[in-house]
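Remarks on the structure that follows.
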Amino acid sequence: MSHIRNIVILTGAGVSAESGIDTFRGGGGLWEQHRVEDVATPEAFARDPELVLRFYDMRRAAIQTKEPNAAHRALARLEREWPKKAPGAQVLIVTQNVDDLHERGGALDVLHMHGEHLNAWCNACDARSRWTGPLLHRPPCPACGKAALRPDIVWFGEIPYRMEDIYQALGAADLFVSIGTSGAVYPAAGFVRTARELGLQTLELNLERSQGSAWFHESRLGPATEIVPAWVD
Ligand code: BV8
């Protein structure tokens, strides 16, 4: 990686799979016989808020019983060590995941483009609050006191967070690495094409070929806890 200065990394559910967090399409992508795409939408929340809040309460509780794995720790090492190799060189970890395992694995500046399980967002005052408990019983917003909290999660049909920052980082990068994602969901699945158009080197680290594999200069297949530390170190 001699001529590489700035690196943008995109992670998906596959990087947390070996920590015991279900991927979307691994577990058949179903929850209580509903397709995830049908539960993770604003329409579903309007139609049946209890169903959606139970779905997120269950997953918010589950991630708090899981631990980061060697892939999370290797990426945190890279984020810490890389700028020492080339002054001003940057590593940006963009994640589609809504767990906090990158942070608990030591990463300092993770961009959660699809939100975070451990935040709640108030529909009344727009405040975001750190939230580890259930939302099913509509607790009051810590900022405005109204019972208007929802999961701080980007649902299907909603606009992901910080898209400008992501495209700006891609514009200043030399290498785009995609780790543990099926390349099924946009706009994240389109980042590799943007990277190719910008002339970046592109690398995919995944358990199996994904929907985007053909767009990468190189794909390395295997479990993240093996191939991510091997790439980082
Ligand atoms: C948007 C939070 C406009 C929720 C998620 C019709 C109506 C409305 C929208 C659309 C539509 N048709 C298309 C769309 C766009 C839609 C979309 O792409 N739909 C898909 C289904 C076709 N996208 C949106 O709606 C997005 N918003 O388009 O707004 C816009 C956009 C840009 C600018 C302006 C306006 C919003 C999408 C965000 C939805 N929220 N997450 C929650 O978590 O509950 S998506 C969710 O699924 C994840 O966050 C992730 O992004 C996505 C895919 O999941 P993956 O992470 O890839 O996981 P998956 O299980 O699929 O794959 C795991 C991979 O890991 C596999 O490849 C596997 O091989 C690998 N793996 C497994 N084990 C391991 C491993 N790899 C290594 N080691 C292992 N051990």
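Every read-out reported here was derived from the displayed coordinates using simple, explicitly stated rules and does not represent laboratory data. This one's a predicted model, so the numbers in the text were calculated from it and none came from an experiment. Cβ placement follows ideal geometry from the backbone for every residue including glycine, while neighbour counts extend to all protein chains displayed.
At the listed q of 0.20, 0.24, 0.28 Å⁻¹, the Debye profile of the range 1-68, built from one uniform point per Cα, gives log10 I(q)/I(0) equal to -0.90, -1.12, -1.26. With a simple spin-label model that places each label point 7 Å from the Cα along the Cα-to-Cβ direction, the separation between residue 128 and residue 104 comes to 2.0 nm. Spacing of the modelled spin labels on residue 198 and residue 164, each 7 Å from Cα toward Cβ, amounts to 1.6 nm. Measuring r between the beta carbons of residue 65 and residue 230 and using R0 = 25 Å, the FRET efficiency lands at 0.35. The residues neighbouring residue 149, those whose beta-carbon lies less than 15 Å from its own, together hold a net charge of +2 under the Lys/Arg +1, Asp/Glu -1 convention.
Listed by chain and number, the aspartates and glutamates placed with their C-alpha closer than 12 angstrom to that of residue 146 are 126; residues fewer than eight positions away on the same chain are left out. With the largest listed first and rounded to whole Å, the semi-axes of the equivalent ellipsoid of the range 122-233 from the Cα gyration tensor are 36, 17, 13. Across the chain, the mean sequence separation of Cα contacts (distance under 8 Å, 6 or more residues apart), normalised by length, yields a relative contact order of 24 percent.
Computed from the Kirkwood radius of its Cα pairs, the Stokes-Einstein diffusion coefficient for the chain at 10 °C and 1.306 mPa s stands at 86 µm²/s. Computed log10 I(q)/I(0) for the range 61-157 at 0.15 Å⁻¹: -0.69, from the Debye equation with unit scatterers placed on every C-alpha and solvent omitted.
Computed per residue of the chain from DSSP H runs no shorter than four, each worth -39500 (n - 2.57), the mean residue ellipticity at 222 nm is -8500 deg cm²/dmol. Each residue of the range 14-26 is assigned a 3J(HN,Hα), and the resulting list reads x, 6, 9, 4, 6, 8, x, 9, 4, 7, 6, 9, x Hz, derived from the Karplus form 6.51 cos²θ - 1.76 cosθ + 1.60 (θ = phi - 60°), x at Gly and Pro. For the range 113-208, DSSP calls about 60 percent of its internal beta bridges antiparallel. Compared with the direct C-alpha span, the chain from residue 43 to residue 221 gains 60.4 nm at full extension, assuming 0.36 nm per residue. Can you tally the net charge around residue 180? Count Lys and Arg as +1, Asp and Glu as -1, for every other residue whose Cβ sits under 14 Å from the Cβ of residue 180. Computed value for this residue: -3. Our estimate of slack between residue 50 and residue 3, defined as 0.36 nm per intervening residue step minus the Cα-Cα distance, is 11.7 nm.
The Rg/Rh ratio of the range 97-143, with both radii computed over alpha carbons and Rh defined as the Kirkwood radius, is 1.01. Working from Cα pairs under 8 Å separated by at least six residues, relative contact order for the range 67-118 is 41 percent.
Cα centroid separation, the range 87-102 to the range 179-200: 15 Å. Each part reduced to its alpha carbon centroid, the range 53-80 and the range 136-168 end up 19 Å apart.
The eigenvalues of the Cα gyration tensor, multiplied by 5 and square-rooted, give the range 152-209 an equivalent ellipsoid with semi-axes of 20, 17, 9 Å from largest to smallest.
Taking every alpha-carbon pair under 8 Å whose residues sit at least 6 apart, the range 17-64 reaches a relative contact order of 26 percent.
Taking the Cβ of residue 127 as the center, what net charge do the other residues with Cβ under 13 Å away carry, scoring Lys and Arg +1 and Asp and Glu -1? Around residue 127, the charge tally is +2.
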